[in-house]
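First the structure, in the form of structure tokens, and then the observations on it.
The values are calculated or read from the model by the stated rules, or taken from the named source; none is laboratory data. Here the structure is a predicted model, which is why all the values come from computation and not from measurement. Here the Cβ positions follow ideal geometry from the backbone for every residue, glycine too, while neighbour counts run over all protein chains shown. Heads up: the accessible areas ignore ligands, DNA and RNA and are worked out on the full protein's heavy atoms, side chains in. Shrake-Rupley method; radii C 1.70, N 1.55, O 1.52, S 1.80 Å.
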Amino acid sequence: MAKIYTDREASLEPLKGKTIAVIGYGIQGRAQALNLRDSGLEVIIGLRRGGKSWELATSEGFRVYEIGEAVRKADVILVLIPDMEQPKVWQEQIAPNLKEGAVVDFAHGFNVHFGLIKPPKNIDVIMVAPKAPGKAVREEYLAGRGVPALVAVYQDYSGSALKYALALAKGIGATRAGVIETTFAEETETDLIGEQIVLVGGLMELIKKGFEVLVEMGYQPEVAYFEVLNEAKLIMDLIWQRGIYGMLNGVSDTAKYGGLTVGPRVIDENVKRKMKEAAMRVKSGEFAKEWVEEYNRGAPTLRKLMEEARTHPIEKVGEKMRKLLFGP
Ligand code: NAP
Ligand code: MG
């Protein structure tokens, strides 16, 4: 069973009197920096001069430095720039400026786990990965709540690495909700597998193919959109609030019977086998290698696929239907 930490098991004490440098002031960087500061901790920001965030962080009252200087000033460093940008910035600006005994925190294990960042032996390497978008990290904190997070220790030089991770988790409000201990491998692999086979990849294809089937059979696209996309949210809300069994108890007997008998015939053992294949490609590092190469080439495949997604017929009808549903 997973170990879950809450406010009672976490203390801010290990971070008192320490300087925390948040590198990056984007989606996670801004939210975490503001929360840590509001939790009474000493926070500075590391950025590239002339970038968009520099002015924003300054206007929100932070002392902002170039990344190398921020790292030199800090005891604890949060690496919160985009994953694909991290290896180069690490190599050129973070690693050369780290002092012995520094604590380096990531919000996702990708680079460390797949060996794209190789930390020196004389620092702590930890992870606090909020399981929500940055916007929620800040909003929940302000509302007196928090978003759940995963914590992990990759390297424990000080012997107190987990205490630092829990302190950061508390500082951003995550222990108010609950924090689960994991490993860099588990966080990274489950995150990628989940987004590929269920969340982003799975849901998107399920909805698109369902839409295509209805439209190809001659049903009106507007009706198909309501059926397979709009209502997907309502069913998901039920699953989220009550679980799968609870959702089943919230729909008609016809929907229950149809869903329970036909669902497994559509999403069958073949689909599950392919899910496992995709998961194995993540676990072996093959996917990470492919994606890093793609990114470093300027992401031509990603751009092409995004264009295809943008021009899929479900987007045209979707635009119209969403105006109807939510206003212009
Ligand atoms: P993001 O918003 O895209 O990061 C943007 C920030 O990074 C900006 O301040 C930008 O500065 C800076 N930056 C970008 N490239 C840079 C470079 N080459 N050199 C220096 N600064 C650079 O990133 P994010 O989505 O918050 O992700 C940060 C980390 O959090 C990642 O590890 C991600 O996996 C993890 N995470 C994110 C979320 C989420 O909600 N997005 C959730 C959980 C975990 P400029 O203004 O100068 O461009
Ligand atoms: Mg993900």
Which condition does Val153 not pass, out of (1) within 10 Å of ligand 1 (Cβ to nearest atom); (2) buried (at least 16 other Cβ atoms within 10 Å of the Cβ), if it passes all the others? (1)
The range 179-220, residues that are more than 12 Å from Ala278 (Cα to Cα), surrounded by 15 or more Cβ atoms within 10 Å (Cβ to Cβ) and of a type in the set (S, T, N, Q): Thr182, Thr183, Thr188
Members of the range 275-288 found to be open to solvent by 100 Å² or more (accessible area, probe 1.4 Å) and touching a residue at least 24 places away in the same chain (Cβ under 8 Å), listed by number: Lys283
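Just one of Thr19, Thr58 is in the same structural domain as Ala165 (by TED's automatic domain parsing) and free of Cβ contacts under 8 Å to residues at least 12 places away in the same chain; which is it? Full working, then the answer.
Numbers: Thr19 fails: free of Cβ contacts under 8 Å to residues at least 12 places away in the same chain.
Residue meeting the stated conditions: Thr58.
What are the residues in the range 94-110 that are within 19 Å of the chain's Cα centre (by Cα) and either outside the structural domain of Val71 (by TED's automatic domain parsing) or away from ligand 2 (no atom under 14 Å from the Cβ) (or both), if any?
Taking the range 94-110 and keeping what is within 19 Å of the chain's Cα centre (by Cα), we get 104-110.
Within the range 94-110, Val104, Asp105 qualify.
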Those residues of the range 181-218 which are more than 21 Å from Met1 (Cβ to Cβ), near ligand 2 (Cβ under 10 Å from one of its atoms) and not β-branched (Val, Ile, Thr) amount to Leu192, Glu195, Gln196, Leu199
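For the range 46-85, what are the residues that are over 27 Å from Tyr157 (Cα atoms) and among the small types (Gly, Ala, Ser)?
Initially, the range 46-85 is screened for residues over 27 Å from Tyr157 (Cα atoms), giving 48-64.
Once the filter is applied, which keeps residues that are over 27 Å from Tyr157 (Cα atoms) and among the small types (Gly, Ala, Ser), the range 46-85 yields Gly50, Gly51, Ser53, Ala57, Ser59, Gly61.
Considering only the range 144-175, state which residues are over 14 Å from Val128 (Cα atoms) and in contact (Cβ under 8 Å) with a residue 40 or more places away in the chain. Show your work before the answer.
Taking the range 144-175 first, the residues over 14 Å from Val128 (Cα atoms) are 144-145, 156-160.
Matches in the range 144-175: Tyr157, Ser158, Ser160.
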Give Pro130, Pro120 a once-over and let me know the one that is under 19 Å from Arg37 (Cα atoms) and assigned by TED's automatic domain parsing to the domain that holds Thr175. Pro130
Can you tell me which residue is nearest to ligand 1 (Cβ to nearest atom) among those in the range 1-21 that are open to solvent by less than 30 Å² (accessible area, probe 1.4 Å) and out of contact with any Lys or Arg (no Cβ under 8 Å at 6 or more places or on another chain)? Ile20
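So, restricting to strands (runs of 3 or more DSSP E) that lie completely within the range 22-108, which ones have at least 1 residues that are at pLDDT 95 or above and open to solvent by 20 Å² or more (accessible area, probe 1.4 Å)? Steps first, please.
Working: elements: 42-47, 64-66, 76-79, 103-106.
Fully inside the range 22-108 and qualifying: 42-47, 64-66.
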Within the range 121-143, work out how many residues are part of a loop (DSSP other than H, G, I, E, B) and in contact (Cβ under 8 Å) with a residue 24 or more places away in the chain. 4
Is it the case, given these coordinates, that Ile172 is within 16 Å of ligand 2 (Cβ to nearest atom) and aliphatic (A, V, I, L, M)? no
Any chance Gly218 is away from ligand 1 (no atom under 16 Å from the Cβ), not assigned by TED's automatic domain parsing to the domain that holds Gln32 and not β-branched (Val, Ile, Thr): yes
